[in-house]
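A.B. asks: Input: one structure, supplied below.
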């Protein structure tokens, strides 16, 4: 596939996808030059043969909406597997924060490009990120032509000397990204967690979100210690504290929510908050409890899926995340009927899109063409084979053949332009990063 014309990947043009399986129907999809699905249905290809610049014969493939990764820290690909197998607080404070302290803006750019490559290859077209040097994250995402909501990390750890600096950094970042007028990239604000942001800063983040019309992205109730410490200090749960200070809004995505009560679920529903379930990360970091999906569903809280960063997952494969989400929820509730394939797919697509205020996550006329083509498994397609949705519980992201975001090719027949350069740069940056942290600490 290295013989593919690189020009296929650097602009929008009409694309016709033919003979692809969608919910056990063989359909065609026509994508117009501005990146929208203009038509979709059975036997429509002849109408658009003369308009299409590129035709993709997808016989034997399945089409799905592109996945939405609702919580990650993209640049952490550079320390995938670093400091595995130690307790959460030791992992975060003794290992992760020190290595992040020696990262440069270029490290973040390179790590984010690697993350984008991995997400493109495994079918993710949109993601929600939180990190520092987020402007460099945004530059990498812009270069990779993905869709993303990118939250500038806000922490103060109670240090009044750095609060003004954090405010200025956040404001500059949001203004800069907004000035790009890039309809694929939305800036946001990321107050890290209740233990790393003071109540005063929480209220500033709330007001900033309202003023600049940007979303809020926060970790919440990930560990029991976080909850117990919050109750001791503030006489309420993290959910109650964030509600008290106005951070639980329809523009808020709360990641993890493992240690929440039914009462917390009601508060989240009242605020219109969206929740990102990160089952692989939660198990790897042994947070000790599974996010109570059934309680959140009963409270009518919108729940999507996230991978978290590669340091707390080891990959960004949303198909793996879907499969494990189903298994861990069924195990936790002792109910094999939970999260059937169609509901699981919705969590990874439409629910994530809804959480980010987007109109993607569905295959409909007039919607942005964020979609993926997957190679079919044995015994499929066919009336007696697996449905497209059931493929999700028996496959991985390696089955993705083609990825399209906003009507633009990001990967065609497993070829992504510039892949070798991205991998080489990331390998070198990771080696240098570990060397620096070892020298300094």
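The values are calculated or read from the model by the stated rules, or taken from the named source; none is laboratory data. In this text, all values refer to a predicted model and were calculated from it rather than measured experimentally. Neighbour counts run over all protein chains shown; Cβ positions are idealised from the backbone, glycine included.
A.B. asks: For the range 199-238, how many residues are assigned to a loop (DSSP other than H, G, I, E, B) and within 28 Å of residue 282 (Cβ to Cβ)? Give the derivation first.
C.D. replies: Our first condition is that a residue be assigned to a loop (DSSP other than H, G, I, E, B); within the range 199-238, this holds for 213-215, 221-223, 235-237.
Now restrict to residues that are within 28 Å of residue 282 (Cβ to Cβ): 214-215, 221-223, 235-237.
The qualifying residues number 8.
A.B. asks: Being surrounded by 15 or more Cβ atoms within 10 Å (Cβ to Cβ), part of a loop (DSSP other than H, G, I, E, B) and at pLDDT 95 or above, is that true of even one residue in the range 384-404?
C.D. replies: No, there is no match, as no residue in the range 384-404 is surrounded by 15 or more Cβ atoms within 10 Å (Cβ to Cβ), part of a loop (DSSP other than H, G, I, E, B) and at pLDDT 95 or above.
A.B. asks: Need at least 1 residues that are assigned by TED's automatic domain parsing to the domain that holds residue 187 and either at pLDDT 95 or above or surrounded by fewer than 18 Cβ atoms within 10 Å (Cβ to Cβ) (or both) per element, so show me which helices (runs of 4 or more DSSP H) inside the range 31-146 make the cut, counting only ones lying wholly within it.
C.D. replies: The qualifying helices (runs of 4 or more DSSP H) are 97-101, 105-121, 134-144.
A.B. asks: I've got another one for you. Go through the range 11-42 residue by residue and tally those that are more than 20 Å from residue 362 (Cα to Cα) and without any contact (Cβ under 8 Å) to a residue 24 or more places away in the chain.
C.D. replies: Count: 0.
A.B. asks: With the checklist (1) without any contact (Cβ under 8 Å) to a residue 12 or more places away in the chain; (2) touching a strand residue (DSSP E or B) at 6+ places or on another chain (Cβ under 9 Å) in hand, flag the one item residue 168 doesn't pass.
C.D. replies: For residue 168, the failing item is (2).
A.B. asks: Assigned to a loop (DSSP other than H, G, I, E, B) and closer than 30 Å to residue 426 by Cα: is that true of residue 335 in this structure? So that I can check it myself, show each step before the final result.
C.D. replies: Working: assigned to a loop (DSSP other than H, G, I, E, B): yes; closer than 30 Å to residue 426 by Cα: no.
Against the criterion (assigned to a loop (DSSP other than H, G, I, E, B) and closer than 30 Å to residue 426 by Cα), residue 335 does not qualify.
A.B. asks: Mind telling me which of the residues 196, 151 ends up being part of a loop (DSSP other than H, G, I, E, B) and touching a strand residue (DSSP E or B) at 6+ places or on another chain (Cβ under 9 Å)?
C.D. replies: 196
A.B. asks: Out of the range 342-357, which residues are assigned to a loop (DSSP other than H, G, I, E, B) and either on the phi > 0 side of the Ramachandran plot or out of contact with any strand residue (DSSP E or B) (no Cβ under 7 Å at 6 or more places or on another chain) (or both)?
C.D. replies: 357
A.B. asks: I would also like to ask the following. Against the conditions (1) over 25 Å from residue 93 (Cβ atoms); (2) assigned to a helix (DSSP H, G or I); (3) under 14 Å from the mean Cα position of the chain (by Cα), where does residue 330 fall short? Just the number, please.
C.D. replies: Just one mismatch for residue 330, condition (3).
A.B. asks: Shifting gears a bit: For residue 155, only one of the following conditions fails: (1) in contact with a helix residue (DSSP H, G or I) (Cβ under 9 Å, 6 or more places away or on another chain); (2) crowded, with 22+ Cβ neighbours inside 10 Å. What is its number?
C.D. replies: Of (1) in contact with a helix residue (DSSP H, G or I) (Cβ under 9 Å, 6 or more places away or on another chain); (2) crowded, with 22+ Cβ neighbours inside 10 Å, only one is false for residue 155: (2).
A.B. asks: Inside the range 299-322, can you point out the residues that are buried (at least 24 other Cβ atoms within 10 Å of the Cβ) and assigned to a strand (DSSP E or B)?
C.D. replies: Within the range 299-322, 304, 305 qualify.
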